[in-house]
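The values are calculated or read from the model by the stated rules, or taken from the named source; none is laboratory data. Note that the structure is predicted; figures quoted are calculated from it, not measured. A quick note on method: Cβ atoms are made from the backbone with ideal geometry, for glycine too, and the neighbour counts reach across all protein chains shown. Heads up: the accessible areas ignore ligands, DNA and RNA and are worked out on the full protein's heavy atoms, side chains in. Shrake-Rupley method; radii C 1.70, N 1.55, O 1.52, S 1.80 Å.
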Amino acid sequence: VLRDMPGVLHVRLTAPEGSRVRRVEARENLTFSQAYQFMTDRDHATAQYLSEFFGIKGDDSLLYHLILNTGKMSTDMAASIIAETVKAMEKENEL
């Protein structure tokens, strides 16, 4: 929706499948198998939605200013990087 909107920072958070499943497992109080199914169902629904309504692939790196792998850093670190990027872009009047 905001693809061409000026003043918007586009960020994609990614992580290895195992890390994502373990997070879903803990957050939703599911078994590993249930969490895996939940995650894959949600990924499929998201991909279908983005394709059908916006004609895009969500994993297209050219759509984003930043792509952060939360399997390699904490969510606090990712949030800090995003906040610092917003500040830097505001200084440059790009955001």
Residues that are acidic (Asp, Glu) and in contact (Cβ under 8 Å) with a residue 40 or more places away in the chain, drawn from region 40-70: ASP59
Region 83-94: number of residues that are free of Cβ contacts under 8 Å to residues at least 40 places away in the same chain and either of a type in the set (A, V, I, L, M, F, W, C) or open to solvent by less than 60 Å² (accessible area, probe 1.4 Å) (or both): 2
Qualifying positions in region 73-82 - small (Gly, Ala, Ser) and either open to solvent by less than 50 Å² (accessible area, probe 1.4 Å) or more than 24 Å from PRO16 (Cβ to Cβ) (or both): ALA78
Residues satisfying the stated conditions in region 62-83, i.e. part of a helix (DSSP H, G or I) and either modelled with pLDDT under 95 or under 21 Å from GLU28 (Cα atoms) (or both): LEU62, LEU63, THR75, ASP76
Pairs with Cβ under 9 Å, 6+ apart, first in region 2-16 and on the phi > 0 side of the Ramachandran plot, second modelled with pLDDT of 95 or more and loosely packed, with under 10 Cβ neighbours inside 10 Å: none
Residue that is nearest to LEU63 (Cα to Cα), among those in region 1-50 that are among the basic types (Lys, Arg) and surrounded by 14 or more Cβ atoms within 10 Å (Cβ to Cβ): ARG12
ILE56 in contact with a helix residue (DSSP H, G or I) (Cβ under 8 Å, 6 or more places away or on another chain), open to solvent by less than 70 Å² (accessible area, probe 1.4 Å) and not in a helix (DSSP H, G or I): yes
